[in-house]
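Below you'll find the structure, written out as structure tokens, and then a few comments.
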Amino acid sequence: MTCDLERLSRVRMIADYQFGKGTGAELFPDGSTFQLSRTKRVRQVLYSGRRIATARAKDGFFTLSIEGASIVHSLLPKKKFRVVISDDAAPFVEAGKTAFAKHVIEIDQELRAGEEVLVTDKADRLLATGQLLLSPVEILSLDSGAAVDVRVGTGSKKEE
């Protein structure tokens, strides 16, 4: 039991660092369980049997499920960790397709390539979660190429 409390404390600290102070406790409430690797490192964090986040092996940061992304989306101010896309691309991104640079209309300027982001429409409705592939300056200046590698969209059949 003590080991699970230590793991919970550790994953909350990582989430606070990655997404902002206070998000860890909301993202990983008491009662969260863990799926471990063979070396006993946290690989997935689950709550009520559903995956909330997965730890990336390369750096220990989290990739979010749609459930995790919706929690982060509700906690953060309107502009944080968001890539806003045009209405004509929204159905494709929501289905889990890649978000392209030409469809990005607004982006959090503090983001860096490789970070986990929330993809929303103009009305701030969560469409998907994924990994940012380019810097915000590059995305806004380019008319072609992928901007966000979408992991899963809200309308996607794929369940991670």
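The values are calculated or read from the model by the stated rules, or taken from the named source; none is laboratory data. Computed from a predicted model, the values in this text were never measured in an experiment. Note that we place each Cβ from the backbone using ideal geometry, even for glycine, and neighbour counts take in every protein chain shown. In case anyone asks, the SASA skips ligands and DNA or RNA and just uses the protein heavy atoms, side chains included. Shrake-Rupley method; radii C 1.70, N 1.55, O 1.52, S 1.80 Å.
Under 9 Å between Cβ atoms, at least 6 apart or on separate chains: pull out the pairs that start in the range 137-155 with a residue that is within 18 Å of Phe92 (Cα to Cα) and end on any residue that is open to solvent by 30 Å² or more (accessible area, probe 1.4 Å) and aromatic (Phe, Trp, Tyr).
Within 9 Å, the pairs are Ser144/Phe100; Gly145/Phe100; Ala146/Phe100; Ala147/Phe100; Val148/Phe100; Gly153/Phe92.
Looking for something open to solvent by less than 90 Å² (accessible area, probe 1.4 Å), within 21 Å of Gly130 (Cα to Cα) and β-branched (Val, Ile, Thr) - is there at least one such residue anywhere in the range 24-40?
no
Would you confirm, using the coordinates I've provided, whether Val45 is among the β-branched types (Val, Ile, Thr), open to solvent by less than 70 Å² (accessible area, probe 1.4 Å), over 17 Å from Gly114 (Cα atoms) and not in a helix (DSSP H, G or I)?
In short, yes.
Just checking, which of Gln44, Gln109 is in contact with a Lys or Arg (Cβ under 6 Å, 6 or more places away or on another chain) and over 14 Å from Thr129 (Cβ atoms)?
That would be Gln44, the only listed residue that is in contact with a Lys or Arg (Cβ under 6 Å, 6 or more places away or on another chain) and over 14 Å from Thr129 (Cβ atoms).
Within the bounds of the range 99-119, is there any residue that is of a type in the set (S, T, N, Q) and surrounded by 14 or more Cβ atoms within 10 Å (Cβ to Cβ)?
Looking through the range 99-119, none of the residues is of a type in the set (S, T, N, Q) and surrounded by 14 or more Cβ atoms within 10 Å (Cβ to Cβ).
Working only within the range 73-87, note down all residues that are modelled with pLDDT of 85 or more, assigned to a loop (DSSP other than H, G, I, E, B) and open to solvent by 70 Å² or more (accessible area, probe 1.4 Å).
Asp87 - this is the single residue of the range 73-87 that is modelled with pLDDT of 85 or more, assigned to a loop (DSSP other than H, G, I, E, B) and open to solvent by 70 Å² or more (accessible area, probe 1.4 Å).
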